[in-house]
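FYI, it's all coordinate maths here, none of it is from the lab. Predicted, not measured: the structure shown is a model, and the values here were computed from it. Here the Cβ positions follow ideal geometry from the backbone for every residue, glycine too, while neighbour counts run over all protein chains shown.
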Amino acid sequence: MNDILICIILIMILAIILTFKYKYKGKRGNKNKLINIGDLSSDIIISGNLIFFSGRIGRQKGKKKMIKGGLIPELNRIFSDFDELFSENGFEKKNIVKVTVLLKDMKKYDIMSNVYKSYFNNYKPALTCYAVSDLPNNAEVMVDMIVSV
């Protein structure tokens, strides 16, 4: 049992080391820069052949102020942000393997689902959706993605 625990800890340490070793140093400094959640994390982290896109909320472009209108405009802004990140960094939507959606109100799952389907069309990456009690800036939704290259 101790050997298994030691192996798990070593694997976790290796994953952390690789994550920092391959930390993405993307384009910065343009006036329309996408602002991350509280600027606590990188927009993108590369580890092996996986690219982890940090969670995004529906902020106005280049500002920390939330877009108005609720869930649908927030999701549209979030997906637009991801499109911009993909474009700037040479990734394609077809490489998305996992999407995580955090919803403030699970009763709005059908609304989220319609916007999600319209964004992905017929492509269906793995999806996990959680209900949460609150999100930064009183957002209705937060989305993160994992891309494989």
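The table that follows gives values for the structure above.
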read-out: GluC sites (Glu not before Pro) restricted to segment 52-138 and DSSP loop, no more than 12 other C-beta within 10 Å; value: Glu92
read-out: From phi via Karplus (6.51, -1.76, 1.60), per-residue ³J(HN,Hα) for segment 111-125 in Hz, x at Gly/Pro; value: 5, 4, 4, 5, 5, 4, 4, 5, 6, 8, 6, 8, 7, 10, x
read-out: Ser133/Ser42 FRET efficiency (R0 22 Å; Cβ-Cβ; nearest 0.05); value: 0.25
read-out: Chain lengthening between Asn49 and Lys98 when straightened (0.36 nm per residue, less Cα-Cα); value: 16.3 nm
read-out: Where labels lie 7 Å past Cα in the beta-carbon direction, separation of Glu88 and Ser148 in nm; value: 2.6
read-out: Burial ordering of Tyr116, Tyr109, Tyr123, fewest other beta-carbon atoms within 10 Å first; value: Tyr123, Tyr109, Tyr116
read-out: Under 5 Å, built H, 5+ apart or other chain: amide partners of Cys129; value: Val101
read-out: DSSP bridge orientation in segment 29-149 - percent antiparallel, rounded to nearest 5; value: 75
read-out: Extension gain, Tyr109 back to Asn122 (0.36 nm per residue minus Cα-Cα distance, nm); value: 2.8 nm
read-out: Calculated from backbone phi, Karplus (6.51, -1.76, 1.60) coupling profile of segment 102-110 in Hz, x at Gly/Pro; value: 10, 10, 6, 9, 5, 5, 9, 4, 5
read-out: For segment 53-63, Karplus couplings with θ = phi - 60° (6.51, -1.76, 1.60), whole Hz, Gly/Pro x; value: 8, 4, x, 10, 10, x, 8, 5, 4, x, 10
read-out: Amide H contacts under 5 Å for Ala139, placed H, 5+ residues apart; value: none
read-out: Amide H partners (placed H, <5 Å) of Ser47, local residues excluded; value: Phe52
